[in-house]
Amino acid sequence: MNFERTKFEVIQKSTKKFQRITSETKNSILKDIETFNFSRMIDELVKNILEGKFETKDISSMMIVISELHQIYEQFTPKFLENLKKFLDEARIETSKGFKNDEEEEKKMNRRKALTSLAIETYLYGIDNSFNNNIKFIFSSLVSPKNSKEQFFSEFPMLVFIMKTYG
C-alpha cells in the first residue's frame, strides 16, 4: 500500500511539468507519458496544460504532447476540447471588458492569442475533428455582426494575428 501511495505521489508531481510545455521540457514530458499511467489524472493534466504559462512559440511542442495524450487516453480529448472552449470564451470576455493599462492589455491579448493558436492547431493536427466546435466559434466571435464598432476594432488585432499566422 505504501508503494502505491509513493507511486501516486511521483505521478502527481510529474503532472506539474505539464504547466510549462516548451521545446526544452517536451522530451522529459513525453518520457513521463511513456513511463506513467495518467488515466486517473486526466482532469489535472488538462487543467495544468490550459492554465499553464505558454506562449505562441510553445504551441508546436504542446501539440506533440497533446497529440500523444490524445492517442493514449480516450477520455483526454473530450475534456481537453471542452475546457479549451471554456478558456477561449473566458479570454474573449476578458479582452472585451477593456484594460486598465498597456501592460494588462498585452498580457491578456498574448494569452488569448496563445489559446486561439492552440485551438486552431488542435484542428490542424486532427485532434478536433469538428470545424464547428472551436474554429467556427473563434471566427464568428471576431466578426460577429452583433459586435459594435468599438468591439470590432478591439477584435481586429486578433483577426490580423490569425490571418498572419494561418492565412
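The values are calculated or read from the model by the stated rules, or taken from the named source; none is laboratory data. No experiment lies behind these values; they were computed from the predicted model shown. For neighbour counting, all protein chains shown are included, and Cβ atoms are generated from backbone atoms with ideal geometry for every residue, glycine included. Protein only, heavy atoms only, side chains kept; ligands, DNA and RNA dropped before computing areas. Shrake-Rupley method; radii C 1.70, N 1.55, O 1.52, S 1.80 Å.
Here are a few things to note about the model shown:
- Length gained when the stretch E90-N129 is fully extended (0.36 nm per residue, less Cα-Cα span): 11.8 nm
- The gain in end-to-end length when the E44 to L30 segment is fully stretched comes to 3.4 nm, 0.36 nm per residue minus the alpha carbon separation.
- q = 0.12, 0.19 Å⁻¹, segment 31-133: log10 I(q)/I(0) [Debye, one scatterer per Cα]: -0.42, -0.95
- The share of alpha-carbon pairs in segment 82-121 lying farther apart than 12 Å comes to 56%.
- Annotation for segment 71-139: trypsin sites (Lys or Arg not before Pro) lying in DSSP loop with at most 13 further Cβ atoms inside 10 Å of their Cβ are K97, K100.
- Per residue, the accessible area of segment 35-100 comes to 55 Å², computed with a 1.4 Å probe over protein heavy atoms only.
- Each Lys or Arg adds one and each Asp or Glu takes one away; over the other residues whose Cβ falls under 12 Å from the Cβ of L30, this sums to 0.
- Among the listed pairs K16/K79; K16/K113; K16/K164; K113/K136; K13/K164, those with a Cα-Cα distance over 27 Å are K16/K164; K13/K164.
- Of all accessible heavy-atom area on segment 58-116, the percent that carbon and sulfur account for (1.4 Å): 45 percent
- Fully extending the segment from L159 to K107, taken as 0.36 nm per residue of separation minus the present Cα-Cα distance, adds 17.0 nm.
- Over segment 2-127, relative contact order from alpha-carbon pairs under 8 Å, at least 6 apart, %: 27 percent
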